[in-house]
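Encoded as structure tokens, the structure appears first; notes follow it.
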């Protein structure tokens, strides 16, 4: 048991697990919670954020959970729609992630609180909205405790209207992330006006998101431009929406230096930092720099570190498979699904070194970069103070609903100056 009272843990276990989790895992000792508890803990510590570890593989989830236990930190485990939705390219998905997390937490005696987050639940049009009316409830039936409704691919008015429509399918106790501006680096950077429009419109309809994700200069996958997160822009946007008490969710952290990530934690209201591609490569044994970005050779190929990560023969098989498919470095994520069972079928010592590589990296980030150490007791305290799995909203309604009807939303949106940047798919 990490730092914190065993009695407090038992009490939090009895009152802090949401009803879907308690129903699915009635005999569990895993403290799976709403992400609200995690967010509140980081806010209490101040100038701190925790990792939302992308669980593309069971081995990555295992390593991230072990790291959180070592750091005594609250954690989120997540998967995005493109990775784990109906057209998944990973074996971990929206419908088995909670079961995997619960099983691993019980197996390893993990006692820190963990939220299970459906990241980038992407909405690009009416067909997605219609599917979401069934799919979102099914995800919560499967143990999800947090969700990001991401309609940022749509124009500002449609983003807000879709977010309002779909909120009815999200349990009130669940943590909610909203997004403005597709995550695609220097293209179409978010503005304070766009973020304020989205947050104010949600507030008028009694919707109080826990996090907002921005396009603040970062990318998904490999960061090759060197531009990275725009700390000043992020701070400016967070200040503009401060009265609505929305924390920041930082996407695409894998490609940014530790110094820049420390600045995000210290200078902005960010409490959640997504880590995806870096954890994949770290587990595989690909060479990475000190903040998890894969190192490429002169020909643009990954450098596998001998004796680390997966076995050398399996790596050679994966590379050959990718070459046969015509996949470049950015497509290697598609190897997760066809090779997950082969990764799990390796000898124990190889699986362990894959997990340990993730554990050591995540622990370093949590304790030395994100300032998330010892936030687990703070999350438990938040649950105990509420006496419930439902911590309620951080904010109250400040906006007049009459000023935010669909017609007025479109009128307001027409006055926003924004650059959506180049077209493309930037979901994960």
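The values are calculated or read from the model by the stated rules, or taken from the named source; none is laboratory data. A quick note: this is a predicted structure, and the numbers were derived from the prediction, not measured. No Cβ is skipped: glycine too gets one built from the backbone with ideal geometry, and neighbour counts run over all protein chains shown.
State yes or no: is residue 361 touching a helix residue (DSSP H, G or I) at 6+ places or on another chain (Cβ under 6 Å) and under 19 Å from residue 247 (Cβ atoms)? Explain how you work it out, then say what you get.
Values: touching a helix residue (DSSP H, G or I) at 6+ places or on another chain (Cβ under 6 Å): yes; under 19 Å from residue 247 (Cβ atoms): no.
Taking the combined requirement at face value, the residue does not satisfy it.
Cβ contacts < 9 Å: first residue farther than 21 Å from residue 214 by Cβ, restricted to region 402-421; second residue modelled with pLDDT of 95 or more and loosely packed, with under 12 Cβ neighbours inside 10 Å, any location; separation 6+ or different chain. Result?
Every condition considered, the pairs that remain are 408/402.
I'd like the full set of residues that are buried (at least 24 other Cβ atoms within 10 Å of the Cβ) and under 14 Å from residue 144 (Cα atoms), limited to region 96-112.
Scanning region 96-112 gives 97, 98, 101.
Could you list, in sequence order, all residues of region 367-376 that are crowded, with 20+ Cβ neighbours inside 10 Å and part of a helix (DSSP H, G or I)?
Result: 369, 376.
Kindly establish whether residue 161 is over 19 Å from residue 88 (Cα atoms), free of Cβ contacts under 8 Å to residues at least 60 places away in the same chain, surrounded by fewer than 23 Cβ atoms within 10 Å (Cβ to Cβ) and out of contact with any strand residue (DSSP E or B) (no Cβ under 9 Å at 6 or more places or on another chain).
Considered against the rule, which asks whether it is over 19 Å from residue 88 (Cα atoms), free of Cβ contacts under 8 Å to residues at least 60 places away in the same chain, surrounded by fewer than 23 Cβ atoms within 10 Å (Cβ to Cβ) and out of contact with any strand residue (DSSP E or B) (no Cβ under 9 Å at 6 or more places or on another chain), residue 161 comes out as no.
For region 382-401, indicate whether the set of residues that are assigned to a helix (DSSP H, G or I), surrounded by 20 or more Cβ atoms within 10 Å (Cβ to Cβ) and either at pLDDT 95 or above or within 24 Å of the chain's Cα centre (by Cα) (or both) is non-empty.
At the first step, the residues of region 382-401 found to be assigned to a helix (DSSP H, G or I) are 382-386, 401.
Checking which are surrounded by 20 or more Cβ atoms within 10 Å (Cβ to Cβ) leaves us with 382-383.
Imposing the further condition that a residue be either at pLDDT 95 or above or within 24 Å of the chain's Cα centre (by Cα) (or both) reduces the set to 382-383.
Within region 382-401 (the criterion being assigned to a helix (DSSP H, G or I), surrounded by 20 or more Cβ atoms within 10 Å (Cβ to Cβ) and either at pLDDT 95 or above or within 24 Å of the chain's Cα centre (by Cα) (or both)), the answer is yes, since at least one residue qualifies.
Looking at region 227-240, can you tell me whether even one residue there is surrounded by fewer than 15 Cβ atoms within 10 Å (Cβ to Cβ), modelled with pLDDT under 90 and either touching a strand residue (DSSP E or B) at 6+ places or on another chain (Cβ under 9 Å) or farther than 24 Å from residue 82 by Cα (or both)?
Looking for residues that are surrounded by fewer than 15 Cβ atoms within 10 Å (Cβ to Cβ), modelled with pLDDT under 90 and either touching a strand residue (DSSP E or B) at 6+ places or on another chain (Cβ under 9 Å) or farther than 24 Å from residue 82 by Cα (or both), one finds at least one in region 227-240, hence yes.
Can you find a residue that is part of a helix (DSSP H, G or I) and either touching a strand residue (DSSP E or B) at 6+ places or on another chain (Cβ under 8 Å) or at pLDDT 90 or above (or both) anywhere in region 204-224?
Looking for residues that are part of a helix (DSSP H, G or I) and either touching a strand residue (DSSP E or B) at 6+ places or on another chain (Cβ under 8 Å) or at pLDDT 90 or above (or both), one finds at least one in region 204-224, hence yes.
For region 329-360, name all the residues that are loosely packed, with under 15 Cβ neighbours inside 10 Å and farther than 24 Å from residue 79 by Cα.
Listed by number, the residues that qualify are 347, 348, 349.
Among the residues of region 2-22, how many are assigned to a helix (DSSP H, G or I) and either surrounded by 19 or more Cβ atoms within 10 Å (Cβ to Cβ) or over 24 Å from the mean Cα position of the chain (by Cα) (or both)?
Kept after step one, since they are assigned to a helix (DSSP H, G or I), are these residues of region 2-22: 6-15, 19-22.
With either surrounded by 19 or more Cβ atoms within 10 Å (Cβ to Cβ) or over 24 Å from the mean Cα position of the chain (by Cα) (or both) added as a condition, the list becomes 6-15, 20-21.
Qualifying residue count, region 2-22: 12.
Is it the case that region 167-182 has a residue that's farther than 24 Å from residue 388 by Cα and assigned to a loop (DSSP other than H, G, I, E, B)?
For region 167-182, residues farther than 24 Å from residue 388 by Cα and assigned to a loop (DSSP other than H, G, I, E, B): present.
Find all pairs meeting these conditions: Cβ atoms under 7 angstrom apart; at least six residues apart or on different chains; first residue within region 279-306 and within 14 Å of residue 329 (Cα to Cα); second residue modelled with pLDDT under 85 and not in a loop (DSSP other than H, G, I, E, B).
Pairs found: 293/254; 293/255.
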